[in-house]
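The values are calculated or read from the model by the stated rules, or taken from the named source; none is laboratory data. Here the structure is a predicted model, which means the values were calculated and not measured. Cβ placement follows ideal geometry from the backbone for every residue including glycine, while neighbour counts extend to all protein chains displayed. Heads up: the accessible areas ignore ligands, DNA and RNA and are worked out on the full protein's heavy atoms, side chains in. Shrake-Rupley method; radii C 1.70, N 1.55, O 1.52, S 1.80 Å.
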Amino acid sequence: MEVAQGALLGLVVENRLEITNCFPFPKHDDTMDEEEYQLDMMRRLRRVNVDHFHVGWYQSADVGNFLSLPLLESQYHYQTSIEESVVVIYDTKKSARGFLTLKAYRLTPQAIAMYKENDYTPESLKNLKIGYESLFIEVPIVIRNSPLTNIMMSELSEMIPEEEGCKFLDLGTASVLEGQLRSLMDRVDELNQEAIKFNRYQLLVVRQQQEKHRWLLKRTQENAARATKGEPPLPEEDVNKLFKPHPVPQRLNPMIVAGQINTYSQHISQFCSQSLAKLYLTQALQNAKEAKQNN
């Protein structure tokens, strides 16, 4: 799925961030300098007296599953250079079904510290007490439209055909649920592969510790035998040079995948609850209709 991204413009008023304008980032084009493009856009907006201060960025998402490594890296660079910056996530699938979904997020202090240290080993993440649930903090959004926008929306609502505005009890949920379950299965498989890699690393570490212990025990026995013969002990050797430690697998990607699984699970649970409520409501309406016909 192609992701739409762009810059958010606005200003800070007292203790709130007001986002008043935006513009999209250019598509991947080697002939265009993205940074120069953004500066040129902000200069043009300033000329027409539009808020031109860069206060964050936006990105589209599928079923709200926005958590990814590129997004984390981008928000880290934004937040360290523009302190008040946010990332706004626009859920395309939910909005297409009539549920406008906009959410704003900021990195937590633990996530910023993790990126500053650039250490994603299990020990480092444990010391920072960070998991997928503590990577982002959600910022509440309040949407305000101008009077002209409200007038236009009122006119558009009157133009919608009556049959188009009565699909709140739509029970065609199979395709949506199937897509979410397939995505969930893909993420579970990916997390399983990461778990296999980490288990393999732990097994290698245990084997290496056993080999190191056997080597030290053998060297101790040899030195004891040489001492009984009145011979000098063998020269000491650096054990770490003989047994080089295995590289520790990075745990950032598994943490992100776990967060994606959690997001899909929440959406599936919410979606099924809403569908079940629609089913019971539709059944009651059908029973009432049948009872009326019988009478």
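Quick notes
- Sole residue being surrounded by 16 or more Cβ atoms within 10 Å (Cβ to Cβ) and touching a residue at least 12 places away in the same chain (Cβ under 8 Å), chosen from Phe271, Phe243: Phe271
- Residues that are at pLDDT below 80 and assigned by TED's automatic domain parsing to the domain that holds Leu135 number at least 2 in the following helices (runs of 4 or more DSSP H) confined to region 1-100: 34-47, 92-96.
- Of all residues in region 79-100, those that are under 16 Å from Trp57 (Cα atoms), among the hydroxyl-bearing types (Ser, Thr, Tyr) and open to solvent by less than 30 Å² (accessible area, probe 1.4 Å) total 1.
- Within region 274-287, the only residue that satisfies the criterion of being in contact (Cβ under 8 Å) with a residue 12 or more places away in the chain and within 30 Å of Glu190 (Cα to Cα) is Ser275.
- Among the residues here, Arg200 does not qualify as outside the structural domain of Lys93 (by TED's automatic domain parsing), among the basic types (Lys, Arg) and in contact (Cβ under 8 Å) with a residue 60 or more places away in the chain.
- Just one residue in the set Asn118, Asn127 is in the same structural domain as Pro70 (by TED's automatic domain parsing), closer than 20 Å to Pro70 by Cα and without any contact (Cβ under 8 Å) to a residue 40 or more places away in the chain; that residue is Asn118.
- Filter result (in a loop (DSSP other than H, G, I, E, B) and not hydroxyl-bearing (Ser, Thr, Tyr)) within region 101-119: Asn118, Asp119
- Taken together, Glu222, Glu290, Glu211 contain a single residue that is part of a helix (DSSP H, G or I), touching a residue at least 24 places away in the same chain (Cβ under 8 Å) and acidic (Asp, Glu), which is Glu211.
- Flag if Ser60 is within 17 Å of the chain's Cα centre (by Cα) and touching a residue at least 24 places away in the same chain (Cβ under 8 Å): yes
- Glu194 being in a helix (DSSP H, G or I), within 19 Å of Thr263 (Cβ to Cβ) and either free of Cβ contacts under 8 Å to residues at least 60 places away in the same chain or touching a Pro at 6+ places or on another chain (Cβ under 7 Å) (or both): yes
- Residue check for Tyr76: surrounded by fewer than 19 Cβ atoms within 10 Å (Cβ to Cβ) and within 26 Å of Lys129 (Cβ to Cβ): yes
- Taking the criterion of being of a type in the set (A, V, I, L, M) and not in a loop (DSSP other than H, G, I, E, B), the residues of region 236-263 that qualify are Val239, Leu242, Leu252, Met255, Ile256, Val257, Ala258, Ile261.
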